[in-house]
Amino acid sequence: MNRIITVVYIFLIILVVSVLGFRGSKSRKEPLYLFPDMDRQARYEPQGENPFFEDKMDDRLPPQNTIARGNALDRAGVFSSGFDATELTDVAFNTGRDEAGEFLKELPIEVNHELMELGRERYDIFCAVCHDETGDGNGAVKNFAPPTLSSANLLTQLYIDQSEGEIYNTISYGKNTMMGYADKLSPKERWAVVLYVRALQRAANATADDIPEAKRGELGL
C-alpha cells in the first residue's frame, strides 16, 4: 500500500512540474494560460495592417474638423496669431492651489451669470446623476448603488466648509469612489461647477435676509 502511495505521489510531482514548469526558470516556449482573461483578446496592433480599409492601415486619423471630446484646448485658437496663453501658465487657475501649495479660498476667475450658467449645464450633465440636481446626494444612481457607494450630500457643513480649491481638486482628480473629471471638463468648466455648487449650498441654507428687499413683497415676506 505504501508503495502505491509513493508511486502516486511521485507521479503527481512529475505531472505538476511538467505542466507548470520550474518556478523562476526561463523558457522560449509559449506559456500555458490557465486563466487568459483579456491577455488573449483579438486586437489591432499599432501600425499594423488592416484589409478592411483602403489604405490597409490599422491606425486611423481623426475625422477632419473635429476635436477630441474633453480636450481643454481650442486648437484653432491655440495656433492663431492672437492666442493668449495666460490661462495655460496660470498655476492657480489650473491646479486650484496658490504658490504655497494651499487650496484657494476663492475662485481665480471672474464670476458672472455666464459662468454660473456654464456651471449649471455641466453640473446637470456630469454631477446630478449622483449628487442630484439639488446637491443632496439623492441622484438616480442611489436607486441602484449599494449603501456603501452612496453619493456625498454637498449641502452638508462638511462641504460648505471646504475651500473652492479643494472642491476643484475633487472634481479634477476624484475622491473615494468618485472618478476624476479632468479629462472631460476644462479648468474653466470645473471652476464653473464649483461656483454652481456654492449656489446650491447657499440656496439650501438661505434665509429671508438673503432675499433682496424689493423681492420680499412678491413672496409675501
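What number of residues within the range 24-54 are surrounded by 10 or more Cβ atoms within 10 Å (Cβ to Cβ) and of a type outside the set (S, T, N, Q)?
Within the range 24-54, residues that are surrounded by 10 or more Cβ atoms within 10 Å (Cβ to Cβ) and of a type outside the set (S, T, N, Q) number 4.
Just to be sure I understand the filter: pairs with C-beta atoms under 7 Å, separated by 6 or more residues or on different chains, first member in the range 182-205 and at positive phi, second member surrounded by fewer than 17 Cβ atoms within 10 Å (Cβ to Cβ) and modelled with pLDDT under 90. Which pairs pass?
Close Cβ pairs (under 7 Å, with a partner that is surrounded by fewer than 17 Cβ atoms within 10 Å (Cβ to Cβ) and modelled with pLDDT under 90) do not exist here.
Only one of V129, V141, V193 is in contact with a helix residue (DSSP H, G or I) (Cβ under 8 Å, 6 or more places away or on another chain) and under 26 Å from T89 (Cα atoms); which?
Details: V129 fails: under 26 Å from T89 (Cα atoms); V141 fails: under 26 Å from T89 (Cα atoms).
None of the others qualify; the one that does is V193.
For the range 133-219, which fully contained helices (runs of 4 or more DSSP H) count at least 3 residues that are among the hydrophobic types (A, V, I, L, M, F, W, C), crowded, with 16+ Cβ neighbours inside 10 Å and over 15 Å from the mean Cα position of the chain (by Cα)?
The qualifying helices (runs of 4 or more DSSP H) are 187-204.
Examine the range 69-91 for a residue that is at pLDDT 80 or above, under 40 Å from the mean Cα position of the chain (by Cα), within 30 Å of I109 (Cβ to Cβ) and not in a loop (DSSP other than H, G, I, E, B), and state whether such a residue exists.
Yes, the range 69-91 has at least one match.
The values are calculated or read from the model by the stated rules, or taken from the named source; none is laboratory data. Every value quoted in this text rests on a predicted model; they were computed, and no experiment measured them. Cβ coordinates were reconstructed from backbone atoms using ideal geometry, including for glycine residues, and neighbour counts include every protein chain displayed.
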